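Please read the structure below before turning to the comments.
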Amino acid sequence: MRQSAVRIMPEKLKLLTIPNISLCIPSCSIVEFAGLSDLASSMYKVMVENSGVGLAAPQIGYNIQMLIIDKDPMFRQSQLGHFACEDFFCLVNPTLQPTKSNKIQIVDQEGCLSFPGTRDKVDRYEEVEISAVNVKGEPSRFIIDGLVATILQHEIDHLVGILFPFRSSSSDTWFKYSKNKMEMDRCLSVMQKNSTRTCGHFMVSNLLEFCEENSIKFDETKLARVKKYCG
Ligand SMILES: [Zn+2]
């Protein structure tokens, strides 16, 4: 007879989708790196289960500045090698700026796991310079263009609370979700406040202030997750 063992299971991460207001809240800078690598691996599972190529921590209910992208052979490992984990790359506290030599914007069809079943044209910089630390807290910077640059711009937007249809010139994508019009309008108005924000230093006190200003209830579980990594 098989004996059933009692095991403490790791928390099952759940993909958040619009109109969850947590997706519109800016994320905090990470200062504590213990356990981050395990969290990134759990994020990778969620990404693969949902057939994505990138995922940002707020999408699984962690408002912390961390993102992962798939370690696809077509992605340039030479630039991203510093950020390599087992099956993916992980960037912590990333900041981004368009390169001086190339500020041309490109137009491509984007999608987002938090906005299921929707694709739209979004303007993105063709080439960007990214600074970030890896899961161990070691810094590096690199210049990248093409598809990976687009994915990284999309994921870094998540870390300031911006979802891709907000960057689209047409508002159609956003309002396809009219059955949740009230919640969608609320997300949109919060996102409007983030529109000029760049990813940078953001502390737990800033997060609490932001939530209070916008009458957002940030529940205890989510706050505990942020405090664990962001002090
Ligand atoms: Zn997304």
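A few remarks follow.
- Extension gain from Ala84 to Lys193, taking 0.36 nm per residue of separation minus the Cα-Cα distance: 35.9 nm
- In terms of its C-alpha gyration tensor, segment 131-231 comes out oblate, because a/c is 1.5 or above while a/b does not outweigh b/c.
- A simple packing score, the average count of other Cβ atoms within 10 Å per residue, orders the peptides 117-127, 55-65 as 55-65, 117-127, with the highest score first.
- For segment 21-216, diffusion coefficient by Stokes-Einstein and Kirkwood Rh (Cα), 37 °C, 0.692 mPa s, µm²/s: 193
Laboratory data are not the source of any read-out in this text; all were calculated from the coordinates shown. Quantities reported herein were computed from a predicted structural model and do not represent experimental measurements. Quick reminder, even Gly has a Cβ in these numbers, built from the backbone with ideal geometry, and neighbours come from all protein chains shown.
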